[in-house]
2 protein chains.
Amino acid sequence: MNDHPSKTLATFAAQLCFEDIPDAVVRRAEDLFLDWFGSAVAGKGARPVETIERFARAMGPGEGKAEVLVSRRRTTPLFAAMVNAAASHFAEQDDVHNGSVFHPAAVVFPPALAVAQELGRSGKEFLVAVVAGYEVGIRIGEFLGRSHYKVFHTTGTVGTVAAAAATGRLLGLTPEQMLDAFGSAGTQAAGLWEFLRDAADSKQLHTAHAAASGLMAAYLAQDGFTGAKHILEGPQGMAAGMTREADPSRLTDRLGERWALAETSFKFHASCRHTHPAADALLQIVSQHNLTPQDIASVRTLVHQGAIDVLGPVVDPRTVHQAKFSMGTVLGLVAQFHRAGMKEFADHFNDPGIAGFRGKVSMELDEEVDRAYPARWIGKAIVRTVDGREFHGRVDEPKGDPGNTLSRMELEQKVMRLADFSGGATLQEMQLASERIWNLASDRPVGHFLVGG
Amino acid sequence: MNDHPSKTLATFAAQLCFEDIPDAVVRRAEDLFLDWFGSAVAGKGARPVETIERFARAMGPGEGKAEVLVSRRRTTPLFAAMVNAAASHFAEQDDVHNGSVFHPAAVVFPPALAVAQELGRSGKEFLVAVVAGYEVGIRIGEFLGRSHYKVFHTTGTVGTVAAAAATGRLLGLTPEQMLDAFGSAGTQAAGLWEFLRDAADSKQLHTAHAAASGLMAAYLAQDGFTGAKHILEGPQGMAAGMTREADPSRLTDRLGERWALAETSFKFHASCRHTHPAADALLQIVSQHNLTPQDIASVRTLVHQGAIDVLGPVVDPRTVHQAKFSMGTVLGLVAQFHRAGMKEFADHFNDPGIAGFRGKVSMELDEEVDRAYPARWIGKAIVRTVDGREFHGRVDEPKGDPGNTLSRMELEQKVMRLADFSGGATLQEMQLASERIWNLASDRPVGHFLVGG
């Protein structure tokens, strides 16, 4: 079999070693793990998450080696991955890779953690698997491109293969088996944006599905189950069915030299990432000019097409979750509180002042912003005040992006706020988790975090 | 919420009652159940099926109320549905609905049987759920049309919603919950044809995935988990992402009057359905003119585009399974044995005579055949003999189609051959199963078939 993009990528994932990965990338993987852990704990008590957890309890075993964080119980890796994936994609605080518009953490960490716990794998082995999952998933997201994202939730679709890569690395798959795992994962790739229109619960189902399907694909491959060898770029593969603009060169872009994981952004606001650039631009204006919401007559946000596609349908949010996809709500919270965190959403998303602010906010396609996207997420906003002044705000990199990242202290504060908000873990437990994660790159087993080991 | 196609279809599935269904349709549902049962038993020992069963054992509970037919054990409905769905799509002997190019049995019966066993539902309730699954799945397959099938395995994609419909009816979902179940199922819809090129194992994974995902969607809906309300026809739904020619009127075509289940065909040859029309046309020629394979210089088959898309890539089959997608192999077996059954494939698919015959067979797009497809699958073949004669064969309805169907005795013989071939059940067990299935329409629980109740 000749080399081809799917095979090259699968071989990379199967052969990646700890020694191949630069220190800074390992450190960033630890950062992303803590950030993910906070998001997973933040899902506790969320109705869609708890519903999936009840299904896992009804259908899956009541014991095992993998922990379900929100319920502090153990089961088999399939169900732990499923529930933890659902949980970590609820608060809209999990990470995002700009260029691929892909949320890697929610689909990579759940299967990696569950399988590492099942197999007693070391922190180093776990980190290698995580890096494999990120590098694979991000490149496939870039490969499928913007036309894929118009209809498909990339995190759900690409997530299956990213989950298979991480699981497969922990299982020690050969390159051939890894390619089979990609085939079985990619042929289960699914996730449509249609649910946004109804504020339905599908987002957590997408990550649960991706994590579980990808994990299954890798286990099957280990046991000899074969898959399509060109699932990504073949004439009846993912790109053929699910996008109009695939660029196969992206699949193998500087493998082993470029570390896409390190390009991943942390979320600062607790909303859909498409709202962040404009939110930071507005924050700049209201801070500099000391404006209150009442001072503002209108906010024109200048955005990329993807923002219009995803946020456009959300005009009258009826739930906290839907509000996170409402540009007007996010900007209202920022104007009022100078932040749009979990607490601001939960307590104020539908306050009369916020609901009224929505009507002041509009989105317009901006050529420069759209051209830069998705490599860079530029934020532009134009505020007109009730007394007739006009202010222009601009950010070239929103807070949390690699060039404007969160420090380890800011990350610890973020995850403690998340745990505190949901009651998913005590501050002491989060402090202990942080310390363990900052020292993860060792030969000791990853072990358990909230369910005694 | 106004009426719209997804809602109308979901309401039909939720409200269907035994009394609504004509007797002839109930009888046909029983026929299809026995036919499915034979296919499920026939999957015993098949490597891809046994691999999925080992995964189910590793990840799922070792006890429950739903039976896994190939391994004669019980577990939760999720895993029984998953494994039985994989098993019943292996032998290529499960049913097909021509107009939708959809194999309903493999994705409808597994979740319906598992959930009926879990909940102790009656034979009548089971049959109602099955009819709901067929009517929903077939109409969605017709809605997505031929351009969907070019890249996507309709049984895998549409199968998620059909499985949700059957499961949801047994769970007694309200119309609103059923619509949620459709949303959660449709957003997990997946299955790409790419695997055919490599003779990979994905086909059984597709039905396993559809059955498990659809079952999960219905259970989640019962517990309040919401889904997109226009998952089929919405601007970011299945049709938007996965086809270029959706016709929403097909979704609600004569609901309650037209019974699509009764249009479903039984398979006579043990090969991909796309080979059957030409196989029957060749059978007509060799029977009428008493030809042996050695008499034949060439066979031109005149086919629809879908046959070329699916069978075209398979030029040199290396496995029995791949041979079932090889027009040349199927026609070689028919010319030699006057049938292409499980046994002929297993023992002879790569005999020198059969392999040599492949080179004599060509496929050509035929305008009449293509225009009639998929409503009618016309078979045409032109044989040229080594002594220069030319014969034209034509069948308007291949054996097993509604107008040329199998009798109950022929069905019993078929499933006994299937059980005998795999060793999945004794002839006595199959006889008992047949008798029970011919008397299924009662208030008694469906019960268990191979694992003592």
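Rule-based calculations on the coordinates, nothing more; no lab input. In this text the structure is predicted, and so the values were computed from the model without any measurement. Reconstructed Cβ throughout: ideal geometry from the backbone, glycine too, with neighbour counts over all protein chains shown.
Multiplying the sequence separation of residue B:343 and residue B:20 by 0.36 nm and subtracting their Cα-Cα distance, what value in nm do you get? Spell out each step's value before the answer.
On the way: separation 323, 0.36 × 323 = 116.28 nm, distance 4.08 nm.
Difference between extended and current length: 112.2 nm.
Calculate the dipole size of chain B relative to its Cα centre from +1 charges on Lys and Arg beta carbons and -1 charges on Asp and Glu beta carbons; express the result in debye to the nearest 20. Before the final figure, lay out each step's value.
Numbers: 45 positive and 53 negative charges, 137 e Å.
Rounded to the nearest 20 debye, it is 660 debye.
Every other copy gets compared here: list the nm distances from the residue B:352 label point (7 Å along Cα to Cβ) to its counterparts, shortest first, one decimal.
Residue B:352 label point versus its equivalents elsewhere: 9.3 nm.
Tell me the volume per residue, in Å³, of the convex hull enclosing the alpha carbons of the protein assembly as shown. Kindly include the intermediate steps, with their values, before the conclusion.
Details: hull volume 133.9 nm³, N = 906.
Considering the Cα atoms of the protein assembly as shown, their hull volume per residue is 148 Å³.
With a cut-off of 8 Å between alpha carbons and a minimum separation of six or more residues, what is the relative contact order of chain B in percent? Please list the in-between numbers first.
Values: 1004 pairs, mean separation 94.9, N = 453.
With pairs under 8 Å counted, the relative contact order is 21 percent.
How many angstrom separate the Cα center of region A:131-169 from the Cα center of region A:337-364?
32 Å
I'd like the Karplus ³J(HN,Hα) series for region A:56-73: coefficients 6.51, -1.76, 1.60, θ = phi - 60°, whole numbers in Hz, and an x wherever there's a Gly or Pro.
Whole-Hz 3J(HN,Hα) from phi for region A:56-73: 4, 5, 5, 9, x, x, x, 8, x, 9, 9, 9, 9, 5, 5, 10, 6, 10.
Can you tell me how region B:273-395 classifies by the Cα gyration tensor, rounded, prolate or oblate, using a/c under 1.5 as the rounded cut?
On the way: a/c = 1.64, a/b = 1.09, b/c = 1.50.
Oblate.
What does the copy distance list look like for residue B:235, label position 7 Å along Cα→Cβ, in nm and ordered from shortest?
3.5
What whole-number distance in Å separates the alpha-carbon centres of region A:219-295 and region A:1-23?
20 Å
Name the residues whose placed amide hydrogens come within less than 5 Å of the amide hydrogen of residue A:192, ignoring near sequence neighbours (fewer than 5 apart) on the same chain.
For residue A:192, the qualifying residues are A:153.
Quick check: residue separation of residue A:27 and residue A:372 times 0.36 nm, minus the Cα distance between them. What number comes out in nm? Don't skip to the end; give the middle numbers.
Details: separation 345, 0.36 × 345 = 124.20 nm, distance 2.80 nm.
That pair, residue A:27 and residue A:372, stretches by 121.4 nm at full extension.
Which shape class, rounded, prolate or oblate, goes with region A:328-392 when its Cα gyration tensor gives a ≥ b ≥ c as root eigenvalues, a/c under 1.5 marks rounded, and past that a/b bigger than b/c marks prolate?
On the way: a/c = 2.43, a/b = 1.37, b/c = 1.77.
Oblate is the answer for region A:328-392, as a/c is 1.5 or above yet b/c matches or exceeds a/b.
For the Cα atoms of chain A, what angle does the longest principal axis make with the long axis of helix A:154-171, in degrees from 0 to 90, nearest 10?
Long axis of A:154-171 versus the principal axis of chain A: about 30 degrees.
For region B:300-329 and region B:61-87, what is the centre-to-centre distance using only Cα atoms, to the nearest Å?
33 Å
May I ask for the longest run of chain B untouched by GluC sites (Glu not before Pro) that are loop-located per DSSP and have at most 11 neighbouring C-beta atoms (other than their own) within 10 Å? Provide the component values of the computation, followed by the final result.
On the way: sites that count: B:63, B:245, B:257.
Result for the longest clean stretch: B:258-453.
Quick one: P(r) of chain A from all Cα-Cα pairs, 10 Å bins, percents rounded to integers, in order of increasing distance.
5, 23, 33, 25, 11, 3, 0, 0
What does the extension gain come out to for residue A:427 and residue A:350, with contour length at 0.36 nm per residue minus their alpha carbon separation?
Working: separation 77, 0.36 × 77 = 27.72 nm, distance 2.93 nm.
Between residue A:427 and residue A:350, full extension yields an extra 24.8 nm.
Rounded to whole Hz and in sequence order, give me ³J(HN,Hα) for region B:79-90 from the Karplus expression 6.51 cos²θ - 1.76 cosθ + 1.60, θ = phi - 60°, writing x for Gly and Pro.
Per-residue couplings from phi come out as 7, 5, 4, 4, 6, 5, 5, 4, 4, 7, 10, 8 Hz.
Residue B:297 to residue B:72: FRET efficiency via 1/(1 + (r/R0)^6), r the Cβ-Cβ distance, R0 56 Å, to the nearest 0.05?
Working: r = 50 Å, r/R0 = 0.89.
The value I calculate is 0.65.
Placing the label point 7 Å from Cα along the Cα-to-Cβ direction, what are the distances from residue B:175 to the equivalent spots in the other copies, shortest first, in nm to one decimal?
Computed spacing set for this position: 5.8 nm.
About the Cα centre of region A:273-395, what is the dipole size in debye to 20, counting +1 per Lys and Arg Cβ and -1 per Asp and Glu Cβ, all else neutral? Before the final figure, lay out each step's value.
Numbers: 14 positive and 14 negative charges, 38 e Å.
Dipole size: approximately 180 debye.
Under the classification rounded if a/c is under 1.5, otherwise prolate if a/b is larger than b/c and oblate if not, where does region A:113-227 fall, given a ≥ b ≥ c as square roots of the Cα gyration tensor eigenvalues?
Verdict is prolate for region A:113-227.
Between residue B:448 and residue A:404, what FRET efficiency comes out of the Förster formula 1/(1 + (r/R0)^6) with R0 = 56 Å and r the beta carbon distance, rounded to 0.05?
Working: r = 61 Å, r/R0 = 1.10.
Approximately 0.35, to the nearest 0.05.
As I understand it, the dipole of region A:334-429 uses +1 on the Cβ of Lys and Arg and -1 on the Cβ of Asp and Glu, about the Cα centre. Which of A:338, A:388, A:355 lies farthest toward its positive end?
Highest projection toward the positive end goes to A:388.
Structure shown: which of A:360/A:414; B:324/B:399; A:44/A:124; B:124/B:267 lie over 19 Å apart, alpha-carbon to alpha-carbon?
Working: A:360/A:414 30 Å; B:324/B:399 17 Å; A:44/A:124 28 Å; B:124/B:267 25 Å.
In this structure, A:360/A:414; A:44/A:124; B:124/B:267 lie more than 19 Å apart at Cα.
Based only on Cα atoms, what Rg/Rh ratio does region A:209-300 have, Rh being taken as Kirkwood's radius?
On the way: Rg = 21.9 Å, Rh = 18.4 Å.
Reported Rg/Rh (Cα atoms, Kirkwood Rh): 1.19.
Using the Cα centre as the reference, give the magnitude of the dipole from point charges on the C-beta atoms of region B:338-444 (Lys, Arg: +1; Asp, Glu: -1; all else neutral), rounded to the nearest 20 debye.
On the way: 16 positive and 19 negative charges, 23 e Å.
The calculation lands at about 120 debye.
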